[in-house]
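To start, the structure under review is shown below, and the notes come after it.
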Amino acid sequence: MTNDLVTGMLPVLGRSLEPGFNVFDVMHHGLHEKQISNVFTWLLEVEGSHRLGDAFMKILIDEVNRQKTGAEPLPDAGYWVRQEVNTAVADEPADIADMVLESDAAVLVVENYFTSDGHGHSYEGYLKYSRRDGRRGAVVLLCRDRDETLQTQGWKNAPVLTYSLLIERLRGVIDRDPGYRQRNPEAYSFLDQMSQKFSNGRGLVEEQDVVGFVVAMCATGEARRYQGKWQDVEAEKFANDLAVQARERFGEGRELLKRLKLQARLFAANVLKDQLNATFGPEYVQEVSARYAGIYEWTVNFEVPGGGTDFGECQLQLKFGPSAWFANEQDPNWRQTVAGASVDYSHLFITRAETREVRQSEVTIGEVLDGLDQSDRRLHDEIVRLLDGDGTIVSSES
């Protein structure tokens, strides 16, 4: 495993550790075609508890008719729905269709699978079943992902309806009825989560995130893992290898932060304090400390006039690493922060509690670790500009 794998993977693995609630994820629902068929059957029930009437039925039939160009349109009402229907004729092996929509005039046989693949079912057998008794019939592929190369042995003739296509159209119907959410909050919540799972989000990982992951695998030299025959084993091995390296890198990171904290505190106490007192008066900085813990641990405090604050931070601080990130992006007490487009956490940050302001310093944490020269006045000048609104340095001796 390459040494930079963790660094290369973090941007594409950097999803929130607290993903939003989704009932499909909690119940591990949607991992098997029968589960998906149950949901779509519910939506097709005109008297279903979704309280959408025949809206979904009309959407599905409309999409089938749209793809059956030139053929006489199938009626969009009057169907009843069954699941797990044996379409084989007598004395032949069973061939179970996932769903059958049947009316007096027409029959639709629906094969539901994650890809547009008949995966061993007989297209001709399904078609004959749909046209029995002289009724008009059609065979439909319902799937998450469309791949025309998989549509062999007659399946290229089947209309393909993806989950996202149908759900997005249904979402449009719901959105055009402003009162639906208030009248049916439980059903709306379920359908909203269904949309997130199968239409917008493709589960917990956005498709572009998956692309980024594959690119990162190539960039870090780990693409060879995809050549293994047993991909579930390869996936487990990759996860274990990544966990080992991540654990080591995390520990190294904390040790580095400790050294950085020591170096920053020593420079602040032995050099920066004197520089600021020479500018603002001999008693301006009374003490330099670094006693905070938790997410605030990576902070150097300057005891200056004005005392503490109602949110527990000192009036003047240096922050870095996790503490800088938290103040700049998470803590609502800091109101003037560094914009995401320009923020760089390889730098020290300066905070002023009186104005609830966070500023990014020119000084990098690498320079602090290497040791700042006693003649380095960059932090002094940046603090003075922060404290003097107009940027003018006024010496107490002038």
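Yes or no, residue by residue, for (1) surrounded by 12 or more Cβ atoms within 10 Å (Cβ to Cβ); (2) touching a Pro at 6+ places or on another chain (Cβ under 6 Å); (3) under 30 Å from C218 (Cβ atoms):
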residue: L256; (1), (2), (3): yes, no, yes
residue: L266; (1), (2), (3): yes, no, no
residue: N277; (1), (2), (3): yes, no, no
residue: S289; (1), (2), (3): yes, no, no
residue: G312; (1), (2), (3): no, no, no
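Can you find, within segment 32-73, the residue that is surrounded by the most Cβ atoms within 10 Å (Cβ to Cβ) among those that are assigned to a helix (DSSP H, G or I) and polar (S, T, N, Q)? Talk me through it step by step, then tell me what you get.
As a first pass, look at segment 32-73 and keep what is assigned to a helix (DSSP H, G or I): 33-44, 55-67.
From what is left, the residues that are polar (S, T, N, Q) are 35, 37-38, 41, 65, 67.
Working: Q35: 14, S37: 20, N38: 14, T41: 18, N65: 17, Q67: 14.
Ranking the qualifying residues of segment 32-73, first place goes to S37.
Need pairs with beta-carbon distance below 7 Å; first residue aliphatic (A, V, I, L, M) and at pLDDT below 80 and within segment 211-230, second surrounded by 14 or more Cβ atoms within 10 Å (Cβ to Cβ) and part of a helix (DSSP H, G or I); sequence gap 6+ or separate chains.
Going by the 7 Å Cβ cut-off, the qualifying pairs are A216/G8; A216/M9; A216/V12; A219/G8.
When you check R136 against the structure, is it over 30 Å from L191 (Cα atoms) and in contact (Cβ under 8 Å) with a residue 40 or more places away in the chain, yes or no? Step through it out loud before you land on a result.
Working: over 30 Å from L191 (Cα atoms): yes; in contact (Cβ under 8 Å) with a residue 40 or more places away in the chain: yes.
In short, yes.
Which residue pairs have Cβ atoms under 6 Å apart, sit 6 or more places apart or on different chains, and have a first residue in segment 371-398 that is under 14 Å from G281 (Cα atoms) and a second that is modelled with pLDDT under 85?
V384/I393
Which condition number in (1) under 30 Å from the mean Cα position of the chain (by Cα); (2) surrounded by fewer than 22 Cβ atoms within 10 Å (Cβ to Cβ) is the one that P305 fails?
Unmet condition: (1).
Please verify whether segment 237-246 includes one or more residues that are under 30 Å from R291 (Cα atoms), at pLDDT below 85 and outside the structural domain of S323 (by TED's automatic domain parsing). Full working, then the answer.
First, pick out the residues of segment 237-246 that are under 30 Å from R291 (Cα atoms): 246.
Restricting the remaining residues to those that are at pLDDT below 85 gives 246.
Okay, now just the ones that are also outside the structural domain of S323 (by TED's automatic domain parsing), so 246.
Yes, some residue in segment 237-246 is under 30 Å from R291 (Cα atoms), at pLDDT below 85 and outside the structural domain of S323 (by TED's automatic domain parsing).
Does any residue in segment 175-189 that is under 15 Å from W42 (Cα atoms) come within less than 7 Å, Cβ to Cβ, of a residue that is exposed (fewer than 15 other Cβ atoms within 10 Å of the Cβ) and not aromatic (F, W, Y) six or more places away or on a different chain, and which pairs are these?
So the pair list comes out as A187/S49; A187/R51.
Identify the residue in segment 77-116 that is more than 22 Å from L44 (Cβ to Cβ) and of a type in the set (D, E) and, among all such residues, is surrounded by the fewest Cβ atoms within 10 Å (Cβ to Cβ).
That would be D91.
Which is exposed (fewer than 14 other Cβ atoms within 10 Å of the Cβ) and either at pLDDT 95 or above or in the same structural domain as W298 (by TED's automatic domain parsing) (or both), of S342, S395?
Criteria check complete, one pass: S342.
Does V271 satisfy the condition of being part of a strand (DSSP E or B) and surrounded by 11 or more Cβ atoms within 10 Å (Cβ to Cβ)? Reasoning before the result, please.
Working: part of a strand (DSSP E or B): no; surrounded by 11 or more Cβ atoms within 10 Å (Cβ to Cβ): yes.
No.
I'd like the full set of residues that are more than 15 Å from D133 (Cα to Cα) and in contact with a helix residue (DSSP H, G or I) (Cβ under 6 Å, 6 or more places away or on another chain), limited to segment 86-96.
D95
Based on this model, can you work out whether N277 counts as farther than 20 Å from L256 by Cβ, at pLDDT 95 or above and not in a strand (DSSP E or B)? Don't jump to the end; show me each part of the working.
Values: farther than 20 Å from L256 by Cβ: yes; at pLDDT 95 or above: yes; not in a strand (DSSP E or B): yes.
The answer is yes for N277.
Which number in (1) in a helix (DSSP H, G or I); (2) surrounded by fewer than 18 Cβ atoms within 10 Å (Cβ to Cβ); (3) modelled with pLDDT of 90 or more marks the one condition that P322 misses?
(2)
Looking for whichever is small (G, A, S) and in a strand (DSSP E or B) here; the options are A90, A97, A77. Which one fits?
Details: A90 fails: in a strand (DSSP E or B); A77 fails: in a strand (DSSP E or B).
Just one listed residue meets the conditions, A97.
For the structure I just gave you, tell me whether E362 is under 23 Å from V304 (Cα atoms), of a type in the set (D, E) and surrounded by 14 or more Cβ atoms within 10 Å (Cβ to Cβ). Show your work before the answer.
Working: under 23 Å from V304 (Cα atoms): yes; of a type in the set (D, E): yes; surrounded by 14 or more Cβ atoms within 10 Å (Cβ to Cβ): no.
So E362 fails the test.
What number goes with the only condition from (1) more than 18 Å from L260 (Cα to Cα); (2) exposed (fewer than 12 other Cβ atoms within 10 Å of the Cβ); (3) over 26 Å from the mean Cα position of the chain (by Cα) that I383 does not pass?
Of the numbered conditions (1) more than 18 Å from L260 (Cα to Cα); (2) exposed (fewer than 12 other Cβ atoms within 10 Å of the Cβ); (3) over 26 Å from the mean Cα position of the chain (by Cα), the odd one out for I383 is (2).
Just need a number here: residues in segment 146-177 that are more than 28 Å from the chain's Cα centre (by Cα) and in a loop (DSSP other than H, G, I, E, B).
Here the count works out to 7.
Starting from segment 78-93, take each residue that is closer than 20 Å to I61 by Cβ and outside the structural domain of K34 (by TED's automatic domain parsing) and list its partners that are at pLDDT 90 or above and in a loop (DSSP other than H, G, I, E, B), counting only C-beta distances under 6 angstrom and pairs at least six apart or across chains.
Filtered contacts from segment 78-93: no entries.
The values are calculated or read from the model by the stated rules, or taken from the named source; none is laboratory data. Just so we're clear, the structure is a prediction, and the values are computed from it rather than from any experiment. Positions of Cβ are generated from backbone atoms using ideal geometry, with glycine treated the same way; all protein chains shown enter the neighbour counts.
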